[in-house]
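The values are calculated or read from the model by the stated rules, or taken from the named source; none is laboratory data. Quick caveat: nothing in here was measured; it's all calculated off a predicted structure. Every residue, glycine as well, gets a Cβ built from its backbone with ideal geometry; the counts of neighbours run over all protein chains shown. Accessible surface is based on the protein model in full, side chains and every heavy atom, while ligands, DNA and RNA are left aside. Shrake-Rupley method; radii C 1.70, N 1.55, O 1.52, S 1.80 Å.
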Amino acid sequence: LAGLSVAEAVYSAYPPTTISDTNNTNTKTNNNKVLLVCGPGNNGGDGLVAARHLVHFGYEKVTVVYPKASGKEHFINLVQQCSDVEITMCDEMPANWQEEYSVLVDAIFGFSFRGEPREPFKSILSDMIQFQEEVPIVSVDVPSGWDVDRGDVAGLGLMPNVLVSLTTPKPSSRDFPG
């Protein structure tokens, strides 16, 4: 249910839409391309499930970045389910992702994260932070890199537009202005 809740939050905040020009001769899609960045733990699993639901919700393009795939059977099955609905799976951030995608889902680290992010996620988070003013970010449970109790103690600067609290808001959510 957590992955479905994430997909519903994305849909609620950034529904797939079509925008027409004033002459109604050209249409372009807006909010139809979602990039999900998934870590190797349960937060990443929620992201994989959300990706599948977003396809069913009508998003034109759904891509998952999954650089440290889990070898556990459950996660292997989730990746297969994504492949079954033609979700593109990547090991690294797509080039110029900030120009192609209209929403980014941060499903890297969850409430059990401690310490400083390590590669490949350190670079991915840096890239996300650099473009967070251009592409809205939806974080799952806790913004990646934040301490669950104390917030952004490392000073990374990731500030999502939407924070999806699963089960209950975590103490760090008091630092979330949204």
Practice task
Could you list, in sequence order, all residues of region 55-66 that are of a type in the set (A, V, I, L, M) and not in a helix (DSSP H, G or I)?
Solution key: VAL62, VAL64, VAL65
Fill in the blank from the handout: So, first residue more than 20 Å from ASP141 (Cβ to Cβ) in region 110-123, second residue part of a loop (DSSP other than H, G, I, E, B), Cβ within less than 6 Å, six or more apart or across chains; the pairs are PRO120/PRO67
Exercise for the section: Return the residue satisfying two criteria in turn: it lies in region 1-54 and is assigned to a strand (DSSP E or B) and at pLDDT 95 or above, and of such residues it is most open to solvent (accessible area, probe 1.4 Å). Expected result: LYS33
Problem - Members of region 102-139 found to be part of a helix (DSSP H, G or I), open to solvent by 30 Å² or more (accessible area, probe 1.4 Å) and either closer than 15 Å to GLY47 by Cβ or touching an Asp or Glu at 6+ places or on another chain (Cβ under 8 Å) (or both), listed by number - result: LYS122
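Okay, residues lined up against (1) more than 17 Å from the chain's Cα centre (by Cα); (2) open to solvent by less than 60 Å² (accessible area, probe 1.4 Å); (3) over 17 Å from ALA13 (Cβ atoms):
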site: ASP141; (1), (2), (3): no, yes, no
site: ASP147; (1), (2), (3): yes, yes, yes
site: ASN161; (1), (2), (3): no, no, no
site: SER165; (1), (2), (3): no, yes, no
site: ARG174; (1), (2), (3): yes, no, yes
Practice task
Identify the single condition in (1) surrounded by 16 or more Cβ atoms within 10 Å (Cβ to Cβ); (2) more than 20 Å from ASN161 (Cβ to Cβ); (3) of a type outside the set (Val, Ile, Thr) that GLY71 does not satisfy, given that it satisfies every other one.
Solution key: (1)
Exercise for the section: Inspect all residues belonging to region 113-121 and state whether any of them is modelled with pLDDT under 90, more than 21 Å from LEU48 (Cα to Cα) and touching a strand residue (DSSP E or B) at 6+ places or on another chain (Cβ under 8 Å). Expected result: yes
